[in-house]
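This report concerns only the one structure given below.
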Amino acid sequence: MNADQRQSSIAAAVAREGRVHVTELATRYGVTVETIRRDLSALDRAGALRKVHGGAVPAPVSASPETGVAERELAAAPAKAAIAAAALEALAPEEGMTLLLDAGTTTAALARLLPVGLGLRVITDSLLIASLLAPRDGISMRVLGGQVRGITQAAVGPEALDALARLRVDAAILGTNGISAEHGLSTPDPDEAAVKRAMVRAGRRVIALADAAKIGQEHLVSFADTADIDLLITNAPLPDPLASQLATTGTEARIA
């Protein structure tokens, strides 16, 4: 087997197995560890995989560009509705529960399902969610202050961060632009990442909602490790590297 054939086989093994180890590959192909390391470096440069300490994992999915709220409301709407329903079941809202809802169209789908009559107290950085819940009797609605990002309609900046630093809520429910084993939960904008990070700290229980398109994506700023999340709800089976990482961190994953 020449180098090209071996590298093609290694790339296929990574896609199939999720993670491979240098020493095991050296034994499998009957070559030295140094040869395998060179193979992995070449494959990493070609974008076929990601070289990590001791081996390799699949290359991250190319990050999708940010889109506006109106466009995202239409994208994967049935999946988001299913995830929202599963999130409501997981929350099992009780009288007087305090909820922190992150900006996003999947979290907005959950907001539409929240029951009245329980005296729920909802805090959000999202103008979309605020507009959905403000007219509903029986839900106390508070909006974080700050500069509003037009593309996501999310409040960001020192005002939002100062308010979040003083909060402790029953559950923080977050959206994300991407999630992977190596980069955790991520988003393209540093200001939104800072708000999301503060939300994670504020929640006694942290729930992340991510449709299948977000799985494997890695964006500029990581705002949480998988260990920071108590529950991930998505709508498709997780790839092995992420599933293994969640099992290691004790994060529950539910498929809606």
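The values are calculated or read from the model by the stated rules, or taken from the named source; none is laboratory data. Bear in mind that the values here come from a model prediction, so they are computed numbers and not experimental data. When we count neighbours, we look across all protein chains shown, and the Cβ atoms used for this are built from the backbone with ideal geometry, even at glycine. To get the accessible areas, we keep the full protein, side chains included, count just its heavy atoms, and leave off ligands, DNA and RNA. Shrake-Rupley method; radii C 1.70, N 1.55, O 1.52, S 1.80 Å.
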- If you put +1 on each Lys and Arg Cβ and -1 on each Asp and Glu Cβ, how big is the dipole of the chain around its Cα centre, in Debye rounded to 20? 220 debye
- If you put +1 on each Lys and Arg Cβ and -1 on each Asp and Glu Cβ, how big is the dipole of the stretch 158-256 around its Cα centre, in Debye rounded to 20? 340 debye
- Message: At a threshold of 8 angstrom on Cα-Cα distance, excluding pairs fewer than six apart, so keeping six or more, what relative contact order does the chain reach in percent?
- Response: 16 percent
- Query: ³J(HN,Hα) across the stretch 88-104 via Karplus (A = 6.51, B = -1.76, C = 1.60, θ = phi - 60°), whole Hz, x for Gly/Pro?
  - Reply: 4, 5, 5, 5, 6, x, 10, 3, x, 5, 9, 10, 10, 10, 6, 5, x
- Task: Using only the Cα atoms of the stretch 198-237, build the gyration tensor, take square roots of its eigenvalues as a ≥ b ≥ c, and label the shape rounded, prolate or oblate: rounded if a/c is under 1.5, else prolate if a/b is larger than b/c, else oblate.
- Result: oblate
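So if each residue of separation counts as 0.36 nm, and I subtract the Cα-Cα distance between Glu34 and Asp137, what length gain in nm does that give? Can you show the working numbers first?
Values: separation 103, 0.36 × 103 = 37.08 nm, distance 6.67 nm.
Net length gain for the segment: 30.4 nm.
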- Query: Over the stretch 85-152, what is the relative contact order in whole percent, taking alpha-carbon pairs under 8 Å and six or more residues apart?
  - Reply: 31 percent
- Item | Charge dipole (the chain, unit charges on Cβ, about Cα centre) - positive-most of Ile36, Ser126, Val14 | Ile36
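Cα gyration tensor of the stretch 76-125, axes a ≥ b ≥ c as square roots of the eigenvalues: rounded (a/c below 1.5), prolate (a/b > b/c) or oblate?
Working: a/c = 2.44, a/b = 1.50, b/c = 1.63.
The shape class here is oblate.
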- Task: Kindly sort Met97, Met141 by accessible area of their heavy atoms, largest first, with the probe set to 1.4 Å.
- Result: Met141, Met97
- Task: Straight distance only, please: which lysines reach the Cα of Lys214 with their own Cα at less than 18 Å, same-chain residues fewer than 8 apart left out?
- Result: Lys80, Lys196
- Would you calculate the separation in nanometres between label points at Leu88 and Glu182, each defined as 7 Å from the Cα along the Cα-to-beta-carbon direction? 3.9 nm
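Explain nothing, just the number: dipole magnitude of the stretch 72-154 about its Cα centre with +1 on each Lys and Arg Cβ and -1 on each Asp and Glu Cβ, in debye rounded to the nearest 20. Kindly include the intermediate steps, with their values, before the conclusion.
On the way: 7 positive and 7 negative charges, 52 e Å.
The dipole magnitude comes to about 240 debye.
Please sort 179-189, 30-40, 155-165 by packing, taking for each peptide the average over its residues of neighbouring beta carbons within 10 angstrom, highest first. Kindly include the intermediate steps, with their values, before the conclusion.
Numbers: 179-189: 22.6, 30-40: 16.1, 155-165: 17.6.
Output ranking for 179-189, 30-40, 155-165: 179-189, 155-165, 30-40.
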- Message: Leaving out ligands, DNA and RNA, and with a 1.4 Å probe, what % of the accessible surface on the chain is carbon or sulfur?
- Response: 52 percent
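Accessible area per residue, 1.4 Å probe, Å², for the chain: what's the number? Provide the component values of the computation, followed by the final result.
On the way: 11470 Å² over 256 residues.
The answer is 45 Å² per residue.
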- Item | FRET efficiency estimate (nearest 0.05) - Cβ-Cβ, Ala212 to Ser244, R0 22 angstrom | 0.75
- Quick one: ranking Arg142, Arg136 by accessible area, 1.4 Å probe, largest first, what do you get? Arg142, Arg136
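Nearest 500 deg cm²/dmol is fine: what mean residue ellipticity at 222 nm does the chain get from its DSSP H runs of n ≥ 4 alone, each adding -39,500 (n - 2.57), divided by its residue count? Each step should come with its number before you reach the end.
On the way: 10 runs with 104 residues, N = 256.
Dividing the helical sum by the residues of the chain leaves -12000 deg cm²/dmol.
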